[in-house]
1. If each Cα of segment 262-354 is one equal point scatterer, what is log10 of I(q)/I(0) from the Debye formula at q = 0.16 Å⁻¹?
2. If you build the Cα gyration tensor of segment 161-258 and take the root of 5 times each eigenvalue, what three semi-axes come out, in whole angstrom, biggest first?
3. Find how much the distance from Thr420 to Ser306 grows on full extension, using 0.36 nm per residue of separation minus their present alpha carbon separation; answer in nm with one decimal.
4. Taking the mean number of other Cβ atoms within 10 Å as a proxy for protection, how do you rank 373-380, 392-399 from highest to lowest?
5. Run the simple label-point estimate for Arg220 and Thr41 please: 7 Å along Cα→C-beta, distance reported in nm.
6. Computed FRET efficiency, Cβ-Cβ of Ser250 and Lys407, R0 56 Å: what is it to the nearest 0.05?
7. Which loop chymotrypsin sites (Phe, Trp or Tyr not before Pro) in segment 246-316, with loop taken from DSSP, have no more than 15 other Cβ atoms within 10 angstrom of their Cβ?
8. For a protection proxy built on the mean count of beta-carbon atoms within 10 angstrom, sort 160-171, 477-488 highest first, please.
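No value in this document is a laboratory result; all are computed from the given coordinates. Remember, it's a predicted structure, so these values are computed and weren't measured experimentally. Cβ coordinates were reconstructed from backbone atoms using ideal geometry, including for glycine residues, and neighbour counts include every protein chain displayed.
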Amino acid sequence: MVRRGRAYVTAVLAILICIAAPTATHGVREPINGVITQIHTFLCNNTYLFEINVTSYMVWMVGYSNSVDISIRAIDPLPTTRISATISIDRLSVSRFLGYLKPQEVLHSSVNISLVPALFQIQGGAREVKQAQLSLFFIELRCSYTIPIWFILSASNTSLETVVQIEPDLVEVNSSVAIYVELKNPTHESFTDVEVYVYVNRSLIKSLRIDVLDSERSIRADYIPTRMGVYVVEVETIYTASYTVRKKDSAMAVFIAKGRPSLSISSNTTFTYVGGAVLISGSIEPRTRDLKIIQLEVSTDGVNWSEMGRLETAYRFNYTWRSTLPNIYYIRARVLESQLFYPALSNVVTVAVERVRPSISISVAWPYLEAGSKALIRVEVSPPIIDTVEVLYRLTNEISWSKMNSKINRETSSVELPLTRPGVYEVKVVVPESAGIYRVESNTIQLYVSSPKTLTTATEKTSEMPQIPYRNTTITIALIAASAATALLILMMKRR
């Protein structure tokens, strides 16, 4: 009886396990009821504006069917448009056709994604947590939106490597550039439906589709830059790996297109005197915002050039130049090489510079002075390029001139002439001859210099006043003595 009872219980348990097994298997494949995220946003391509709502769970797990609900509405009127979505999980992507969006309607669609366990590697028996993104709505290949979602998975290392190389990476404008794209397959697995897109400064210049890629493949695209600048080359590769999972890879490179600018200059005059200002004006074509270094050069024979100035400019420039010697000068400008420009020379302008024959005059405010003082002589010179003059002076009874050098300011200045002796002075100012200036004399002026006057002070007069009574007493005593002597002499004569 006991053995029969045990067998009966064992049979019942076996029947129950067999009945419950399909239910347990079905439960593993049920979606996870977790936190739901909802995104409401607006997306704009080159022409239309779309309102988008996306609803999905925040946590996905490998082996489950995960659903993403999408609704799209066009804000602006548009024709019937085909809408598709690309869902990217880590570096894996799956494209789904959502339907046709008609005017004044809302397109509702649901995308179910099953993460097959065979696509992912489980390390040490535990699932690895990674962050991935859900990229939606590649409308006409220009419109996309990204929603962050967390996955519990570990992606496969099977991938296609894209390499881009540019030869040469520095070219002149309107010269051809060769862009080489290398598709490398390090795993030697077959990739299907490979799409290659080559962009230059975000403009598509070449696209290619390869049905099956078993090994490496080289692709060449030629491009001719028409403007100076830095060009960015981007290559995007979309391909299908194992288990029909879509993946992406990208590469980027840069090249520079340089140009030879057109530089022109002009001068405000072709003739001037030594020290005269010459204004050099110039401009650069084509116009760019970057600063360029301009070097101005001067020559007297048109063969040997020397730098006369340097400045930075974007388009127009002005420079003032003064010559210190008479000659015929040739002037040109040079654009120094920069990131976007090759060096270039301008036209040549000619300026004739002659020696200066200045005009000079002198005057004095008051010509009557005393010896020992200084005469303030006013000097007027034109043009105002003289800084040193010679002051010549002499007395009217002298033949030779005395000379004194003096510094003056531009246009109008004054010099001081010390007067040491009384008499009539003749004074004139001379501009000495130099390499760029002719000798010239001013008019002659006369200065009347008198001897200094001696003044008696009040103290001296006061000291002389007490001496007057003593002087009178002395005279009186002398007169008395003289009278006494005379009387004595007469008396002696009478006695004889």
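1. Values, matching the q order: -0.61.
2. Numbers: eigenvalues 163, 27, 19 Å².
After diagonalising the Cα gyration tensor, the semi-axes are 29, 12, 10 Å.
3. 35.8 nm
4. Working: 373-380: 16.5, 392-399: 12.9.
Per-residue Cβ counts within 10 Å, averaged per peptide and sorted highest first, yield 373-380, 392-399.
5. Between Arg220 and Thr41, the simple spin-label model gives 4.1 nm.
6. Numbers: r = 74 Å, r/R0 = 1.32.
The computed FRET efficiency comes out at 0.15.
7. Values: sites: Phe255, Phe271, Tyr273, Trp305, Tyr315; in loops: Trp305, Tyr315.
Within segment 246-316, the qualifying chymotrypsin sites (Phe, Trp or Tyr not before Pro) (loop, at most 15 other Cβ atoms within 10 Å) are Tyr315.
8. Numbers: 160-171: 15.4, 477-488: 10.0.
Highest to lowest by the protection proxy: 160-171, 477-488.
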